[in-house]
Amino acid sequence: MDFRWTEEQELLIQSLEELLQREAPETLMAELDARHEFPFKPWQALADNGILALGIPEEYGGVPADITTLTLVCETLGKYALPLGIIYSLGIITIRDIIQFGSEEIKAKVLGGFVRGDLPVALGITEPQAGSDAAAMKATAQIDGDDVIFNGQKMYCTLAKIAKYILLMTRDAQGTNPYASISMWLLPTDTPGLRFNILNKVGWWTVPTYEVFIENARVPRKNLVGQFNSGWPQLMANFEIERLALCAASVGAAEAALEDSLSYANRRVQFGNPIGSYQAVQHILTDMAIKNENMRNYIYKVAWMMDQGQSVRHEHAMCKLYVARAACEVTDSAVQIMGGLGYMMDHRVQRLWRDIRLMRIGGGTDEIMYNIAGPQLLKHARKS
Amino acid sequence: MKIVVCAKLAPDASDIEVRSDGSISLDRAEWRIGSFDLQAIEAAVRLRDAHGGSVTALSAGPQRINHSKLRKDLLSRGPDELVLVAEDVLNGADTAVTAQVLAAAVRKIGAVDLVLTGEGSADLYFQQVGLQLGELLEVPAFNAVSKIEVKDSGVRIERSLEEETEVLELPLPAVLAVTTDIHTPRLPNMKEILLAAKKPVYEWSLADLELENAPEPRVEAVSLRAPRPVERKRILIEGSPEEAAQSLAGYLVKEGVV
Amino acid sequence: MTDDKDVWVFSEKPALQAELIAGAHQLSANTGGQVAAVVLGARSQAEQAFDLGAQRVLWLGELPSGRLVEDIVPTLVAAVQDKCPFGVIIGATVRGRAVAGRLAARLGVAALADVLEFQWDGSALLARHMVFGGGAVRIDRPLASPVIATIGQGIFETGSLQAQPKGEIEPLPWVEPPWQAAVIERRSRAVSSVNLSAAKRVVCPGRGVARQEDLGLIEELAQALSAEMACTRPLAEGLGWLPRERYIGISGAMIKPDLYLGVGVSGQAQHTIGMSESRVVVAINKDRGAPLMTQSDYAVEGDLYQVVPALIRALKARKAK
């Protein structure tokens, strides 16, 4: 077993840390959050410094990177500028789907643009009646000669209006098996017939989420990604890595929360001593540190397994479940340690706390993670 | 244009540990490329990209500098190749020794048009080596260079002096120590980091440089200690901004500084 | 006549030359030699060196037009080889550093850079200077002769020095340099009027200041205190909010004013090396654990955006009284 990073990983993360301190300092991220503004400049800086190129095939301007390296990148983004980690993680699933299933034309346009600083492709899957039960979806695609016409409504479509494209999932109403009746399309967001309604969220203020109304939106038929009616397995192919990426960003946020807590506990004097000198506070801090260490080990292990080509069918769900909850606990503890200051808007721990809460819902809820992991565990036990 | 850029690899000053007796330990310090040398590397790489040619990074020091991560770090910032003179007798070498070793290496590299250095090393910051190197090579040497333009067979440079900017033209070869604001050094990306491992690294001994023995030291460091902290009153002023401001203004008047 | 106990001083800046003459007397008291000023400039300036306390004056003459101060190196090399002084102390300006480095290389020695103090250990000279970005003090002993050192402004005081009787001015024969740089242009830098090392009071904003436009507030405080505005390195070099001449620290200005007031300055060693000898140090910071807060005489814990306006009002109110 070797817990060391490679020299290349160390150099990359060093470079990224410096970049984030330069281009996404805490003062800027706080300001953007207060103004509910997307971090366009820091995102462009990630592109300009080759971070967005990682894991994209070289013919589209990318550079090879394994899943462990991408995990380290997400963790670092999460630690210094959580919204960047979130945006990057959201992009992983759509971008990887396009790498895997997109036509040459789609790949050249989308991947090339992403490497140069385009926003990730938004994912249009959830509908008012179809959340975790994605197969209950209703949005339709009607073929019309060389074109296809979309109708329907998508919920919680993060980045939809400001991204160039939505990766739209539609349902073929004729199909009896819902999982074999879903298709995946590349829908440009400037297509006539699209209307966006921004949603107010508890956190993620710099990463806007929309309700999208689609009325007779017409695009060329060649915007199909992959095979007709194969959208569901295509989407599932990259859910695991998206969840891992969200976990890594959450771990970074938890590390930031612990750092703030430790520095505060050393400084804040009550009853004549720094609060860190009291055992009650030390216990909280130690529990936070243990959770961070466990989370980090868990994501690195899952990343390593994926790099080895091993299945992470239940491991990734257990990891997501553990990390989302532990990260929520750690950021909550940070608010607690900092007392009144922790609840004030001018300190970052409140932001981490608000932003991290979504991790137990987005990318698959805690409950769905149980549903994935539980049956798999039982199945394995039956086999052995 | 054949450019050599000199960089010092040294312990990171921010990792210094002060022992209880006031002495200093660098045992746990990470070794890094001098923070003022990064600008010289950036300047060299930009000149090559604009005018063609090559950039050779050059560093001299103890064995410790011949470390694969440091080599990749240097090469990921754009130089084409690296020359290392890594021998333990060069540990803590004074500026004269360093300049002599670098001069011998530059001569061995051969046909060099331009040598760039940082403003000073990150650990000692004596700002001497580049100038001594130029003198030993018997070529023009200037410090505080904030702009370099290639012009005909020479260079036009700008120097940031205390009160003025001086524009000079000089023949090549030359040795120039650049300012910290000549360029913002690039951050290496993964492509460059991966490429770095494939670039040539030449390890030369002092014997390869025809320096049979290490040059005689001219300066001996007799002690290295943490600075004695200046005694301060350490009066903490808290309270509302108005109260704090009144209280501070009172102290400043008492101190006779307003 | 043997000169090997003499201490020579050179700076192209007359004010610095005067300080170096004072400092050189501390050395010559131990070597038993004389202090010789190496003067570049008009004859009257050479004469004046005696008034400043030089016992001998070595005159380079006036710099021919189109030449650089650095062009004196071959002349100095020849003079030092001829007269063999104990040492040459050179003012640590940009040009001074260039002269020192090249001179040292030609004489086969290493220059002692930015010396803060000379000490004697018996007959051995020791030089103290800061290394590791202010994180450590190193004491060096030169092993080769002559001693070449650079010394910055404000290290030695000129006050106590007695004028010396006017002696003979000894001209140094000019040696043509082997190569020459053509001077194309010299332009004064608009921002360079600032002389931080001469300022009695200095206000220094750091990274705690969130936006460039907020510097107006700090500027207003500086005015209320009749202080010069300085800054930390990231404000000058990373962000470019203030000119480079205004930053304090290892590669910037070294100051010892009566009052240093840091606003939102964390106090990294690379910065504090440049201001640690200020008489009164004040820090304003949200974070009472910031290094500068614990190394100051008066540490105000609070939001600078509230404390600074309040302080401006308090200072103005006192002035009005």
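The values are calculated or read from the model by the stated rules, or taken from the named source; none is laboratory data. This structure is a prediction, so every number in the text was calculated from the model and none was measured. When we count neighbours, we look across all protein chains shown, and the Cβ atoms used for this are built from the backbone with ideal geometry, even at glycine. Just the protein is used for accessible areas: all its heavy atoms, side chains included, with ligands, DNA and RNA removed. Shrake-Rupley method; radii C 1.70, N 1.55, O 1.52, S 1.80 Å.
Here are the numbers for the structure shown:
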| quantity | calculated |
| --- | --- |
| Rounded to 10°, Cα long-axis angle of helix C:14-31 versus longest principal axis of chain C | 60 degrees |
| For C:Gln153, distant residues with modelled amide H under 5 Å away | C:Ala92 |
| Whichever aspartates and glutamates have a C-alpha closer than 12 Å to that of A:Lys138, once near sequence neighbours (fewer than 8 apart) are set aside | A:Glu127, A:Asp172 |
| Cut-off under 5 Å, modelled amide H: who pairs with C:Val280 long-range | C:Leu259, C:Tyr260 |
| Full-stretch length increase - C:Gln306, C:Lys256 - with 0.36 nm per residue and alpha-carbon distance subtracted | 15.2 nm |
| Three-way shape call for segment C:190-320 based on the alpha-carbon gyration tensor, with the a/c threshold at 1.5 | rounded |
| 25 °C / 0.890 mPa s Stokes-Einstein diffusion coefficient of segment A:7-116, Kirkwood radius on C-alpha pairs, µm²/s | 171 µm²/s |
| Whole-percent pair-distance distribution, where bins are 10 Å wide, for the alpha carbons of segment A:122-228 | 16, 50, 28, 6, 0 |
| Solvent exposure of segment B:1-101 as accessible area per residue, Å², 1.4 Å probe | 35 Å² |
| Whole-Å distance, taken between Cα centres, linking segment C:183-261 and segment C:105-170 | 28 Å |
| Cα centroid separation - segment A:108-156 against segment A:171-205, whole Å | 4 Å |
| Folded to 0 to 90 degrees: helix C:215-224 orientation relative to chain C principal axis, Cα | 80 degrees |
| ³J(HN,Hα), Karplus 6.51/-1.76/1.60, whole Hz, each residue of segment A:318-331, x for Gly, Pro | 5, 4, 4, 4, 5, 5, 4, 6, 5, 5, 4, 5, 5, 5 |
| Shape category assigned to chain C from the gyration tensor of Cα positions, a/c cut at 1.5 | prolate |
| Overall form of segment A:235-383 per C-alpha gyration tensor (a/c, 1.5; a/b vs b/c) | prolate |
| Summed buried accessible area for B+C [probe radius 1.4 Å, Å², rounded to 100] | 7300 Å² |
| Square roots of 5 times each gyration tensor eigenvalue, C-alpha, chain A, largest first, Å | 36, 23, 21 |
| Solvent-accessible surface (1.4 angstrom probe) belonging to C:His25, in square angstrom, nearest 10 | 40 Å² |
| Between segment B:185-240 and segment B:93-126, the Cα center-to-center distance that results, in Å | 14 Å |
| Lysine pair count for segment B:2-203 [Cα-Cα under 27 Å; pairs on different chains or 8 or more apart] | 27 |
| Segment A:258-340, accessible area per residue, ligands and nucleic acids excluded (1.4 Å, Å²) | 49 Å² |
| Where labels lie 7 Å past Cα in the beta-carbon direction, separation of C:Arg43 and C:Ser145 in nm | 3.5 nm |
| Within-15-Å neighbourhood charge of B:Glu119 [Cβ basis; K, R +1; D, E -1] | -2 |
| Over segment C:100-240 - Rg/Rh using Cα atoms and the Kirkwood inverse-distance radius | 1.06 |
| Stokes-Einstein D for segment C:1-144, Kirkwood Rh over Cα pairs, 10 °C, 1.306 mPa s (µm²/s) | 102 µm²/s |
| Per-bin percent of Cα-Cα distances, segment A:166-254 [5 Å] | 3, 11, 15, 17, 19, 18, 11, 5, 1, 0 |
| Per residue accessible area in Å² of segment A:7-116, where ligands, DNA and RNA are left out and the probe is 1.4 Å | 33 Å² |
| Neighbour net charge for C:Leu161 - beta-carbon separation under 12 angstrom, K R +1, D E -1 | -3 |
| Label-to-label distance, nm, for residues given as B:Leu236 and C:Glu277 (7 Å Cα→Cβ offset) | 3.1 nm |
| Residue-by-residue Karplus 3J(HN,Hα) for segment A:92-103, coefficients 6.51, -1.76, 1.60, Hz, glycine and proline x | 4, 5, 5, 5, 5, 4, 5, 4, 7, 10, x, 6 |
| Solvent-accessible area, 1.4 Å probe, carbon plus sulfur percent, for the protein assembly as shown | 49 percent |
| Area buried, chain A against chain B - accessible surface, total, 1.4 angstrom probe, square angstrom | 1600 Å² |
| Pairs of lysine residues in chain C - Cα separation under 28 Å, sequence separation of 8 or more or cross-chain | 18 |
| Shielded residues, segment B:143-167 - accessible-area loss of 30 Å² or more between chain alone and all protein chains, probe 1.4 Å | B:Asn143, B:Arg159, B:Ser160, B:Leu161, B:Glu162, B:Glu163, B:Glu164, B:Thr165, B:Glu166, B:Val167 |
| For chain C, share of DSSP beta bridges that run antiparallel, in % to the nearest 5 | 20 percent |
| Farthest toward positive dipole pole in the protein assembly as shown [+1 Lys/Arg, -1 Asp/Glu at C-beta], among A:Leu12, C:Ala230, A:Thr286 | A:Thr286 |
| Amide hydrogen neighbours beyond the local backbone of B:Asn143, cut-off 5 Å, H modeled | B:Ala177 |
| DSSP-defined beta bridges in segment B:2-203 - what % are antiparallel, rounded to 5 | 45 percent |
| For segment B:102-113, Karplus couplings with θ = phi - 60° (6.51, -1.76, 1.60), whole Hz, Gly/Pro x | 5, 4, 5, 5, 4, 5, 5, 4, x, 6, 7, 8 |
| Among beta bridges that DSSP assigns inside the protein assembly as shown, antiparallel share in %, nearest 5 | 50 percent |
| P(r), alpha carbons of the protein assembly as shown - 20 Å bins starting at zero, rounded % | 12, 37, 32, 15, 3, 0 |
| Environment charge of C:Asp303, counting only residues whose C-beta is closer than 15 Å and scoring Lys/Arg +1, Asp/Glu -1 | -3 |
